[in-house]
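S.K.: Shown below is the structure under consideration.
The values are calculated or read from the model by the stated rules, or taken from the named source; none is laboratory data. Keep in mind that this is a model prediction, so the values were computed, not measured. Note that we place each Cβ from the backbone using ideal geometry, even for glycine, and neighbour counts take in every protein chain shown. Heavy atoms of the whole protein, side chains included, go into the accessibility calculation; ligands, DNA and RNA do not. Shrake-Rupley method; radii C 1.70, N 1.55, O 1.52, S 1.80 Å.
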Amino acid sequence: MTVVVNNASEMFVQALKAMAKIDGASVYLDDYGYYSKKTVKSVLKADKQMQKERAKGKLKLYDSVDELFGDL
């Protein structure tokens with residue numbers, strides 16, 4: 001069974017961990033909300049790479065979708 005609790009207080013988290021331990025269940029905490037830590041890390045890495053390429057002038061920016069499709 002999966003249970004999702006949003007915006008839980010630290011007291012609630014500690015109580016949930018204690019109840020899970022009694023039942024032999026596991027608790028997985030994700031502080032990033034909907035996205036996993038791996039996904040957030042990947043997006044931040046891609047953003048950093050895009051900023052580097054933009055600073056070097058290697059990344060072309062478009063003012064409209066039509067301009068983008070014109071280059072495809």
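S.K.: Which pairs have Cβ atoms under 6 Å, sit 6 or more apart or on different chains, and link a residue in the stretch 15-27 that is among the basic types (Lys, Arg) to one that is in a loop (DSSP other than H, G, I, E, B) and at pLDDT below 95?
M.R.: 17/27
S.K.: If you go through the stretch 1-57 one residue at a time, how many are modelled with pLDDT of 90 or more, open to solvent by less than 100 Å² (accessible area, probe 1.4 Å) and of a type in the set (Val, Ile, Thr)?
M.R.: Qualifying residue count for the region: 1.
S.K.: Another question about this same structure. Going through the stretch 1-15 one residue at a time, which ones are assigned to a helix (DSSP H, G or I) and out of contact with any Leu (no Cβ under 9 Å at 6 or more places or on another chain)?
M.R.: Result: 10, 11, 12, 14, 15.
S.K.: Could you please give the count of residues in the stretch 62-72 that are open to solvent by less than 100 Å² (accessible area, probe 1.4 Å) and either hydroxyl-bearing (Ser, Thr, Tyr) or assigned to a loop (DSSP other than H, G, I, E, B) (or both)?
M.R.: We begin by selecting, within the stretch 62-72, every residue open to solvent by less than 100 Å² (accessible area, probe 1.4 Å); these are 62, 64-65, 67-68, 70-71.
Next cut, either hydroxyl-bearing (Ser, Thr, Tyr) or assigned to a loop (DSSP other than H, G, I, E, B) (or both) only: 62, 64.
Total meeting the criteria: 2.
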